[in-house]
Structure formats: C-alpha cells, structure tokens
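A.B. asks: What follows is a structure written as structure tokens; I'll ask about it next.
The values are calculated or read from the model by the stated rules, or taken from the named source; none is laboratory data. The model shown is predicted, which means the values in this text are computed figures rather than measured ones. Every residue, glycine among them, receives a Cβ derived from its backbone with ideal geometry; neighbour counts consider all protein chains shown.
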Amino acid sequence: MAKAKIIRLLAGAAALAFCVASANAQTIVVGGKNFTEQQVLASLTSQYLMAKGYTVDERAGLGSAAVRQAQESGQVDVYWEYTGTSLITYNGIEEKLDAEATYQRVSELDAEKGLTWLEPSKANNTYAIAMRAADATEQDIASITDLAEKINGGETVTFASNAEFYSRPDGLGPMEEVYGFEFGRSNISRMDTGLVYQALRDAQVDTGLVFATDGRVPAFDFVILEDDKGYFANYALAPVVRTETLEANPELEEQLNAVSALLDDQVMAQLNAEVDVEQKSIEAVAKAFLEEHNLI
C-alpha cells in the first residue's frame, strides 16, 4: 500500500511538473523595430523570457507599421512601443496631451484592438532636432525657434531626416508649420536613421533628426535644440502585449514591468551607445544589462 501511495505521489508530481513545463514552454513571439534601441529591447526581452522558461521566437528589424500590424493580427505577442507613436500614427489622435494623458488614451484605444499596455518606463525617446554643439554655440542657436529665425532671416540650413519622419503626421511638415519656417525641399536629405548621425557628425548637413535617447548624441558632441513650443509628443517607452497572450500567461505582466522599471533616458542612451559607438553586439549588451540587474 505504501509503495502504491508513493507511486501515485510521484505520478502526481510528474504530472504537475509537466503542466508547469508546458505552461513555461508557451512560445512568445517578441517583435522589434529596425533601429538600435528596438533591437536591444527585443534581444533583452527575448533573453529574459527564455531565462524564465518560455520558448521565444524573436522577430526584430521590422518597420514600425509592420510590427504593429503583426501584433494586431496575432503574429507578434509583445514588443516595446512608444506612447506618442500609438497615439498619433496608429490611432490618428492629433490632440496635444501630456505624458500621463497620452498613456491613458493609448491604453484605452489599443485595448479595443486586443492590446494591453503594461507599465511605462521613464524613457522618453521623442524625436529631436540636433546640431553639432560647436556650431550651435557659434551661431547662438539653442532652440528650434532660434533655428527658425536664422532660416527666416535668409540663412540656408540643411537637414537630414529619415523617411518616416519626413512623411508622418507628426513629422517634418507640421513641425515647420508650428515654428513658421521651411528648410526647403532642396535642403532636406532623406536617409536611413543611422546615416543621419554620420552625416551630421561629418558636417554633410547642418542639422539632423535624432532620437532623444540615442547614445550617439553625446558621443558625437551633438546638442539637442529645445522644443520650446512643445511640438513633439511624449514617446514614453512601454511593453505592449496581446491581451490574449497576457491572459494565457498572466505572469508576463509582473515580469515585463520589472524590466520597464529599470529603463530611463540615461539607461537607454548608454545601451544604445554601447552598440552604436563602442561596437558591441546587441546580444552582448542586452545580456550584460540583464546580468547586472540579476534578471538572468
């Protein structure tokens, strides 16, 4: 009898272990966009979730619209998104909102599409206009208004932009309208995001579109011009999960929120710089961060 009882207990334990293993074997598709910060976050998330026992399928390097569409259609379970991008680009809201209101609005709107926003980080990777610091000092340009005054005064200023900002509804044209100036089509160069930094560093252009948390800004001695009219929306970074996936894996909320709580502008700029300036691999940078914070 005792032997039979032990066998039943062992069988029950084995069944329980199998159920836990099956739950942990849930495949999570981690998406990411096609620039450094997003690729670091995708790798970081993938490595972290794998350490938690999930099977992970990482699909980084996608365009912004592509990864969003993939998530809405169920092909991507989780990726890190920016509140301003969802508000303006995906939901068509042009109303100016502060950071908290932006987060609340996108949370409500995206919930209707089967997406759940988890806790936002303190990282705000908003767009910004940058100049070489020495040139900005020499020309006494500290804000976008100062830049507009120079251009309206007859000076030619060249500008490098990625294709997305050039055409998006919260991009170049509306910014010029708010500040009352135009670079002029012949003075604008469209190129990949990474090439903007090189072009500005090498003085091929006078100004360029950058991301506020990009590590190349301090590394290349750029200065970000003050957005003194508050044009750029808040782009708080947060993990977004398909609601269906979260319901099947409720522990994801606590796990991903733990990562989000560690991120701010300085942290993201450092991680980005390690890849773009120090030429470390994305996977190594992500792994070192996770190890530093005892997440793996």
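A.B. asks: Which number in (1) farther than 19 Å from A286 by Cα; (2) assigned by TED's automatic domain parsing to the domain that holds N162; (3) of a type in the set (D, E, K, R) marks the one condition that E244 misses?
C.D. replies: With respect to (1) farther than 19 Å from A286 by Cα; (2) assigned by TED's automatic domain parsing to the domain that holds N162; (3) of a type in the set (D, E, K, R), E244 is out only on (2).
A.B. asks: Given A136, A101, which one is hydrophobic (A, V, I, L, M, F, W, C), over 17 Å from the mean Cα position of the chain (by Cα), under 24 Å from A261 (Cα atoms) and assigned to a helix (DSSP H, G or I)? Spell out the reasoning first.
C.D. replies: Working: A136 fails: under 24 Å from A261 (Cα atoms).
Residue meeting the stated conditions: A101.
A.B. asks: Out of all the residues in region 89-98, is one or more farther than 25 Å from T193 by Cα, modelled with pLDDT of 95 or more, not in a helix (DSSP H, G or I) and not assigned by TED's automatic domain parsing to the domain that holds M191?
C.D. replies: No - not one qualifying residue is present in region 89-98.
A.B. asks: Is one or more of the residues making up region 30-38 exposed (fewer than 15 other Cβ atoms within 10 Å of the Cβ) and farther than 16 Å from E164 by Cα? Break it down stepwise before answering.
C.D. replies: Here is the first cut: in region 30-38, the residues exposed (fewer than 15 other Cβ atoms within 10 Å of the Cβ) are none.
Within region 30-38, not a single residue is exposed (fewer than 15 other Cβ atoms within 10 Å of the Cβ) and farther than 16 Å from E164 by Cα.
A.B. asks: While we're looking at this one, here's another question. Take region 141-174 and flag every residue that is closer than 19 Å to V196 by Cβ, part of a loop (DSSP other than H, G, I, E, B) and of a type outside the set (D, E).
C.D. replies: Within region 141-174, I141, T156, V157, T158, N162, R168, G171 meet the criteria.
A.B. asks: Could you figure out which of (1) in a loop (DSSP other than H, G, I, E, B); (2) in contact with a helix residue (DSSP H, G or I) (Cβ under 7 Å, 6 or more places away or on another chain) isn't true of T116?
C.D. replies: If we test T116 against (1) in a loop (DSSP other than H, G, I, E, B); (2) in contact with a helix residue (DSSP H, G or I) (Cβ under 7 Å, 6 or more places away or on another chain), just (1) comes out false.
A.B. asks: Is one or more of the residues making up region 158-172 of a type in the set (F, W, Y), in contact with a Ser or Thr (Cβ under 8 Å, 6 or more places away or on another chain) and farther than 24 Å from A219 by Cα?
C.D. replies: Going through region 158-172, the residues of a type in the set (F, W, Y) turn out to be 159, 165-166.
Still in the running and in contact with a Ser or Thr (Cβ under 8 Å, 6 or more places away or on another chain): 159.
Of the ones still in play, those that are also farther than 24 Å from A219 by Cα are none.
Taking every residue of region 158-172 in turn, none turns out to be of a type in the set (F, W, Y), in contact with a Ser or Thr (Cβ under 8 Å, 6 or more places away or on another chain) and farther than 24 Å from A219 by Cα.
A.B. asks: Pull up region 230-250, narrow it to residues that are in contact with a helix residue (DSSP H, G or I) (Cβ under 8 Å, 6 or more places away or on another chain) and at pLDDT below 95, then point me to the one that is farthest from T45 (Cα to Cα).
C.D. replies: Filtering region 230-250 for residues that are in contact with a helix residue (DSSP H, G or I) (Cβ under 8 Å, 6 or more places away or on another chain) and at pLDDT below 95, the one farthest from T45 (Cα to Cα) comes out as Y231.
A.B. asks: Keeping to region 37-69, report how many residues are at negative phi and not in a helix (DSSP H, G or I). Spell out how you get there, then give the answer.
C.D. replies: Just the residues of region 37-69 that are at negative phi, to begin with: 37-52, 54-60, 62-69.
Add one more test, that the residue is not in a helix (DSSP H, G or I), and what stays is 52, 54-60, 62-63.
The total comes to 10.
A.B. asks: Determine whether region 15-36 contains at least one residue that is in a helix (DSSP H, G or I), at pLDDT 95 or above and of a type outside the set (D, E).
C.D. replies: Scanning region 15-36 turns up no residue that is in a helix (DSSP H, G or I), at pLDDT 95 or above and of a type outside the set (D, E).
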